[in-house]
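Okay, so here's the structure we're looking at.
The values are calculated or read from the model by the stated rules, or taken from the named source; none is laboratory data. Nothing here was measured: the structure is a model prediction, and the numbers come from that model. Every residue, glycine as well, gets a Cβ built from its backbone with ideal geometry; the counts of neighbours run over all protein chains shown. The protein model used for the area step is the full one, side chains on, heavy atoms only, and it has no ligands, DNA or RNA in it. Shrake-Rupley method; radii C 1.70, N 1.55, O 1.52, S 1.80 Å.
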Amino acid sequence: MDPSESNAKSKLILREKLNFNEEKLNKIDLFVNNVLNYNKKYNLISSSTENDIWCRHVLDSAQLVKYIDSNKFKSLSDLGTGAGFPGIILSIFFSDVISFHVKLYEKSNVKIDFLKEQIQRLNLNNVSLYDNDYQSHKLSSDYFVFRAFKKLHEILRISRETITGPHKLIVMMGKSAQDQLNKASKADINKYKLVPSITSKDSKILLLDAKN
C-alpha cells in the first residue's frame with residue numbers, strides 16, 4: 001500500500017474504531033510533525049519508517065487503548081518510551097480522563113529533551129517523565145506497556161523483581177511471541193491472552209496479569 005494511503009487509512013481507524021476525536025487527532029498530527037522534524041537531526045525513529053509513521057508508530061501504539069480500562073485503573077507506565085511511542089499517543093487519548101496518569105521512562109538524553117518539549121507543547125498535564133534507567137526509580141502503576149523494549153524473559157524479571165504492587169503487562173511482540181511464551185518460566189505466567197496486532201500480521205500483543 002502506498003504510504004499516503006496507509007497514513008489515511010490509519011487516521012480513519014483512529015477516528016472510527018479507536019474513538020480518537022478531532023482534538024486528539026490534531027495533537028497527534030502536531031506530534032508526528034515534530035517527530036519528523038526532529039528526526040532530520042537526531043535518530044528518534046528509523047528513517048525507513050518515516051513515510052509510514054501513522055501506521056508503523058501511531059496506529060501501532062494507539063491500538064493499545066482497547067486493552068486499558070481507565071475507569072477501573074488509574075495509571076500506566078511506558079518503559080523505554082523512546083520518541084513517545086506508545087506513551088505519548090496513549091497520554092493524548094487519555095488526556096480528558098482527569099484521574100488517569102501516564103509515566104514515561106527513557107534514558108537517552110536526546111529523547112528526554114524531545115519528550116520534555118512535546119509534553120509542554122501538547123499541554124499534556126497527565127504525564128510524568130522519568131530520566132535515567134528505569135532501575136533508578138520505584139516502579140508502580142496499574143499497567144506497564146513495552147514496545148521494542150526487551151525480550152519477554154527480561155520483562156517478566158522486571159515485573160517480578162522491580163515493579164511493586166499488582167499490575168498488568170501489555171507487551172508488543174513479533175513473530176516469536178508464542179515461542180517466547182513457551183520458554184518463559186511458568187512461575188511468572190499467570191492469566192494471559194495473546195492477541196493479533198492490527199498493524200502487522202506477524203505481530204502479537206501479550207496481555208498478562210502479573211502474579212506479584
* Asked: Mind checking which residues of the range 1-15 are free of Cβ contacts under 8 Å to residues at least 12 places away in the same chain and closer than 12 Å to Gln63 by Cα?
  -> Arg15
* To do: Go through the range 64-77 and give me each residue that's buried (at least 22 other Cβ atoms within 10 Å of the Cβ) and under 16 Å from Phe20 (Cα atoms).
  => Leu64
* Asked: Which residue, of Ser61, Ser77, is in contact (Cβ under 8 Å) with a residue 24 or more places away in the chain, in a helix (DSSP H, G or I) and touching a helix residue (DSSP H, G or I) at 6+ places or on another chain (Cβ under 9 Å)?
  -> Ser61
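Listed here are the residues, each with its yes/no results for (1) outside any strand (DSSP E or B); (2) open to solvent by less than 40 Å² (accessible area, probe 1.4 Å).
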residue: Leu169; (1), (2): no, yes
residue: Met172; (1), (2): no, yes
residue: Asp179; (1), (2): yes, no
residue: Asn182; (1), (2): yes, no
residue: Lys186; (1), (2): yes, no
residue: Lys193; (1), (2): no, no
residue: Ile198; (1), (2): yes, no
residue: Leu207; (1), (2): no, yes
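Here is a yes/no grid of residues against (1) in a helix (DSSP H, G or I); (2) surrounded by fewer than 14 Cβ atoms within 10 Å (Cβ to Cβ); (3) at pLDDT 95 or above:
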residue	(1), (2), (3)
Ser6	yes, no, no
Lys11	yes, no, yes
Arg15	yes, no, yes
Lys24	yes, no, yes
Phe31	yes, no, yes
Val35	yes, no, yes
Lys40	no, yes, yes
Ile45	no, no, yes
Ser48	yes, yes, no
* Name every residue in the range 8-19 that is more than 19 Å from the chain's Cα centre (by Cα) and not hydrophobic (A, V, I, L, M, F, W, C), in order of residue number. => Lys9, Glu16
* When both residues are 6+ apart or on different chains and their Cβ atoms are under 8 Å apart, which pairs have a first residue that lies in the range 128-146 and is over 18 Å from Asp69 (Cβ atoms), and a second that is of a type in the set (Val, Ile, Thr) and part of a helix (DSSP H, G or I)? -> Leu129/Ile112; Leu129/Ile119; Asp131/Ile112; Tyr134/Ile158; Leu139/Ile158; Phe146/Ile155
* Within the range 112-148, count every residue that is touching a helix residue (DSSP H, G or I) at 6+ places or on another chain (Cβ under 7 Å) and modelled with pLDDT under 95. => 1
